[in-house]
Amino acid sequence: MSDLVRVREHAVALIAAHLDDTWTFDFDHAKRRAGQCDFTRRRITLSRYLTARYDDETNLQTLLHEVAHALAGPEEGHGARWKRIARSLGYRGGVTHRGETATELAPWVGVCPNGHIAYRHRRASRPTSCAKCSRSFDDRFLFVWKRREISPATRRLAVTPR
Ligand SMILES: [Zn+2]
Ligand SMILES: [Zn+2]
């Protein structure tokens, strides 16, 4: 868990140290990627949703990944120049990242009578039926919900800077 106010302060300081003052920082509402470097708006954003769930070190790594994009330029992608810059900033992650994160971080897993799986971040407050089995609510296809532990290692693995 990270404090978003502190992450923002850290991000602003990092941008000030490495980029010029046309660059700004903000949080976005993405749920599937941890960070983004928007060259058009000259803005680095982190997912408010994922940042709050990750630890400080993971969030720092995402920031470094995106600052390296800003320094390397939009044409570079994850090429050699980007990689060199990212390493020099202290980025230790890879070039490729795992895709989906939202389901990996959802503690509630539901299984319907036909074996379909659903993920929830909160306990379902009322019975929910499987949308794959029936478009409208149908109590023949109720999910049975179980809570699982999401380990720090799983959280780290789920990081998806882009
Ligand atoms: Zn089903
Ligand atoms: Zn990237």
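Checking every residue in segment 88-103 against the condition of being within 14 Å of ligand 2 (Cβ to nearest atom), among the aliphatic types (A, V, I, L, M), over 30 Å from K146 (Cα atoms) and modelled with pLDDT under 90 gives at least one match. Being part of a loop (DSSP other than H, G, I, E, B), away from ligand 1 (no atom under 16 Å from the Cβ) and assigned by TED's automatic domain parsing to the domain that holds A17 is a description that does not apply to H69.
Within segment 58-83, being within 9 Å of ligand 2 (Cβ to nearest atom) and buried (at least 23 other Cβ atoms within 10 Å of the Cβ) holds for H65, E66, A68, H69. Checked against (1) under 13 Å from the mean Cα position of the chain (by Cα); (2) at pLDDT 95 or above, G35 passes all but condition (2).
Applying the set (1) within 22 Å of the chain's Cα centre (by Cα); (2) in the same structural domain as H18 (by TED's automatic domain parsing); (3) over 18 Å from L14 (Cβ atoms); (4) not charged (D, E, K, R) to Y119 leaves exactly one unmet item: (2). Candidates are the residues of segment 27-42 that are within 19 Å of G73 (Cα to Cα) and out of contact with any Asp or Glu (no Cβ under 6 Å at 6 or more places or on another chain); the one that is surrounded by the fewest Cβ atoms within 10 Å (Cβ to Cβ) is T40. Among what's in segment 10-40 and is without any contact (Cβ under 8 Å) to a residue 12 or more places away in the chain and assigned to a loop (DSSP other than H, G, I, E, B), pick the residue that is nearest to ligand 2 (Cβ to nearest atom). By that ranking, first place goes to T40.
The values are calculated or read from the model by the stated rules, or taken from the named source; none is laboratory data. A quick note: this is a predicted structure, and the numbers were derived from the prediction, not measured. Reconstructed Cβ throughout: ideal geometry from the backbone, glycine too, with neighbour counts over all protein chains shown.
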